Each structure stands twice: as C-alpha cells, then as structure tokens.
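Here's the structure we're looking at; comments come further down.
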Amino acid sequence: MYKRVLLKLSGEFLSNESGFGISPDATMSLAHELKAAKEASGVELAIVIGGGNFWRGVRNGARMDPATADYIGMLGTVMNAMALQDALERAGCDTRVMSAIQMQAVAEPYIRRRAMRHLEKGRLVVFGGGNGIPFFSTDTTATLRAMEIGAEVVLYAKNKVDGVYSDDPQKNPQAERFDTLTHRDVIDKNLAVMDMTAITLCMEKNLPLVVFDIFERGNLQRLLAGERVGTLIHSGPAPTAS
C-alpha cells in the first residue's frame with residue numbers, strides 16, 4: 001500500500017510502567033516489532049521520536065526560559081533515538097540516527113537528501129533533535145519530516161488506544177470511536193489527536209494520518225500491508241463512528 005512512511009513514536013514507549021527513562025526490555029520489544037513490520041512489508045520507514053520519558057517543556061520547564069526548556073526536550077529525543085538505534089541494530093535492522101541539532105559524535109546531521117538516500121538503501125532512519133528550534137512539538141516535526149522526505153502517510157502510534165475517539169475512552173465509556181475523519185473535523189471538533197500546527201499542516205498539504213495502537217501485536221505490520229487499522233484522517237468524506 002505504501003512505499004515510504006513516517007512513524008511518530010512517543011518517548012514513553014521506551015520506558016517501563018513508570019513512564020520515565022529507558023527500559024532496555026521495552027525498547028528491544030519495540031525494535032523487534034518495527035523490524036518485523038518493515039521486513040514483511042518492504043516499506044521505507046522513517047521515525048520521529050519524542051522525549052517525554054525524560055522531559056516535557058510545559059511541565060518540567062514551567063519556571064524556565066521557554067526556549068531553554070524546549071532545547072532540553074530536544075536533547076531528550078536524541079537520547080531516545082540513540083537507544084532505539086542500538087536496539088534495532090541488535091535486532092539486525094540497519095539504522096541511522098539523524099539529528100536536527102548537530103552533535104556529530106553521536107548522530108548524523110539532518111540533511112534531507114541524505115535521509116532519503118538512507119531510506120532508498122533500505123535503512124531505517126530515526127530523526128532526533130526535533131526541528132532544531134524551540135516552540136515546535138515533535139508532532140510538528142513528524143509532519144514536516146514526512147513532507148520533506150516524501151512520505152505518503154504519517155502513522156501516529158498510541159499505547160492502548162486503538163484510534164480517535166470523541167472523548168477520552170478511559171474516562172467516558174460512551175465515547176465514540178471514528179473509523180475516518182477529515183483534517184477539518186479534527187480541528188472543528190477539537191479532538192486530541194496532535195497539536196494544531198501539525199494537523200493544520202497536514203490539512204494544507206493533504207497528508208493523511210493514521211492513529212493506531214502500536215502495542216496491539218501485528219498492528220503495524222497489518223497497517224503497512226494495507227489493512228484498515230485505527231483511525232484514518234485525510235481530506236475525504238465525513239467521519240463515521242464504528
């Protein structure tokens with residue numbers, strides 16, 4: 001179904017139940033899932049990873065200069081990218097880390113054409129360092145990187161949430177789950193999918209999103225194979241609740 005995709009991962013996916021730091025077991029389990037899906041589908045796979053398992057600028061940097069707090073968060077994403085690269089390569093997946101903040105001792109600098117060349121050679125590329133500038137989330141980074149490298153879709157991974165709901169399903173059992181949504185629906189309904197800058201960019205460039213539960217074993221592989229998994233967000237028909 002796809003040739004090239006961008007997968008957005010949360011930093012918490014690398015941690016244990018506490019949600020803080022890096023768990024080697026959790027990271028290795030995720031790496032095996034990514035490797036299996038990539039090999040089964042043959043898709044060129046790039047990843048943007050967050051840093052929330054180390055730092056969240058809004059919460060941890062509330063009493064700091066906002067730009068400084070955001071830069072600290074960007075450094076956290078590079079640590080996560082390095083940890084994920086280590087696990088992927090131990091699982092046998094050729095991987096490159098590219099950082100928007102130059103730190104050549106641990107990661108390649110992000111260069112668009114070089115990233116695309118890595119993907120063409122079958123390497124998995126992990127983007128760290130956010131956009132390299134403050135005041136933009138990794139949601140926006142995922143959208144921008146997807147557009148830059150020519151990805152056909154952004155896959156927005158969730159943990160134990162199998163799509164987009166009208167309300168928090170863990171708090172409201174009556175919340176409706178959507179099979180499909182338009183970008184405009186997400187904005188108008190103020191649905192908690194990703195930040196407004198990111199979803200607006202997707203709408204302007206007609207870039208589709210799929211929100212899905214990556215911890216449901218086999219979900220990523222089925223999605224890359226063309227099966228309907230999670231909630232599809234695109235410039236299409238009105239949403240329907242499943």
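The values are calculated or read from the model by the stated rules, or taken from the named source; none is laboratory data. Please read these numbers as outputs of a predicted model, since none were measured by experiment. When we count neighbours, we look across all protein chains shown, and the Cβ atoms used for this are built from the backbone with ideal geometry, even at glycine.
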Condition met for Gly11 (at pLDDT below 95 and closer than 29 Å to Ile133 by Cβ):
no
Only residues that are among the aromatic types (Phe, Trp, Tyr) and touching a residue at least 40 places away in the same chain (Cβ under 8 Å): list them for the range 1-34, please.
Tyr2, Phe13
Testing Gly51 on (1) outside any loop (DSSP other than H, G, I, E, B); (2) closer than 21 Å to Asp213 by Cα; (3) touching a helix residue (DSSP H, G or I) at 6+ places or on another chain (Cβ under 9 Å), one condition comes back false. Which one is that?
(1)
Of all residues in the range 107-133 being among the β-branched types (Val, Ile, Thr) and closer than 19 Å to Leu9 by Cβ, which is farthest from the chain's Cα centre (by Cα)?
Val125
Could you please let me know if Ala175 is aliphatic (A, V, I, L, M), in a loop (DSSP other than H, G, I, E, B) and surrounded by fewer than 20 Cβ atoms within 10 Å (Cβ to Cβ)?
yes
Any residue that is among the aromatic types (Phe, Trp, Tyr) and over 28 Å from Glu148 (Cβ atoms) - is there at least one of those in the range 198-212?
no
Leu45 - would you say it is closer than 19 Å to Thr141 by Cβ, of a type outside the set (Val, Ile, Thr) and modelled with pLDDT of 95 or more?
yes
Condition first: crowded, with 17+ Cβ neighbours inside 10 Å, out of contact with any helix residue (DSSP H, G or I) (no Cβ under 6 Å at 6 or more places or on another chain) and among the polar types (S, T, N, Q). Now tell me which residues in the range 2-28 satisfy that.
Ser10, Ser15, Ser23
